[in-house]
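Comments concern the structure below.
Only the coordinates and a few stated rules stand behind these numbers; no lab work does. Since the model is a prediction, treat every value here as computed from it, not as a measurement. A quick note on method: Cβ atoms are made from the backbone with ideal geometry, for glycine too, and the neighbour counts reach across all protein chains shown.
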Amino acid sequence: MGTTSQQPTDSTVRPPVSEDDDAAEPDRDEMFHVLRNQRRRYAIHYLKYESEPIDVGDLATQVAAWENEIPVEEVTSKQRRRVYNSLKQTHIPHLTDNEFLEEERGEVALTDQAKKLDIYLELVPEKDIPWSEYYLGIGAVGLAAIVVTGLDVGPFATVSDGAVGVFLAVTILVSALAHYYHQHRSLIGDEEKPPELRGD
């Protein structure tokens, strides 16, 4: 009777590993999942702003201060412990598993992979008008101004086409500068406080 060799089987079928997996872009849905939690955003902000490994205890203290809107010196041991446990048990393992964070000897730091989060970190205040609608409004006003001056209607008859062009150019330039400044202030890690705590 012949014998057949049996190979050990794995109940989970895994796809072949590609050599390009390390270079692959992080999953967009996972990025949004990472950033939808305020505590994770605060942790990422602090690590990005400091740009160096941070002790988990110090990270927990700073996050607790932001969450309670108090100075670091006023954080109680209870507030710090609650954030510390949450970071250690949930958020740091999640960020580490997704290669956005690395932990060593009680210190954590962002990885190069975390830099790719920048394009998703803009926070739009609830009462703000979307910039797309703002530029659409500028376009509509500019078109109306060109038509009215071209038809020499009423007081616009004395306005030259050149003046209209200068007005539109200046309006677009000022708007672009304001947009740049607004976007810069909305990015996590670019200023000392997280965007949610900066105020107007």
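Tabulated values for the structure
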item: Which of SER86, SER132 has the fewest Cβ neighbours within 10 Å, and the rest in rising order; result: SER132, SER86
item: Efficiency of FRET from Cβ geometry, LEU197 and ILE146, R₀ 30 Å, rounded to 0.05; result: 0.10
item: For LYS88, net neighbour charge (Lys/Arg +1, Asp/Glu -1) across residues whose Cβ lies under 15 Å away; result: -1
item: Cα-projected label distance for SER160 with HIS179, points at 7 Å along beta-carbon direction, nm; result: 2.9 nm
item: Per-residue Cβ neighbour rank within 10 angstrom, fewest leading, GLU67, GLU99; result: GLU99, GLU67
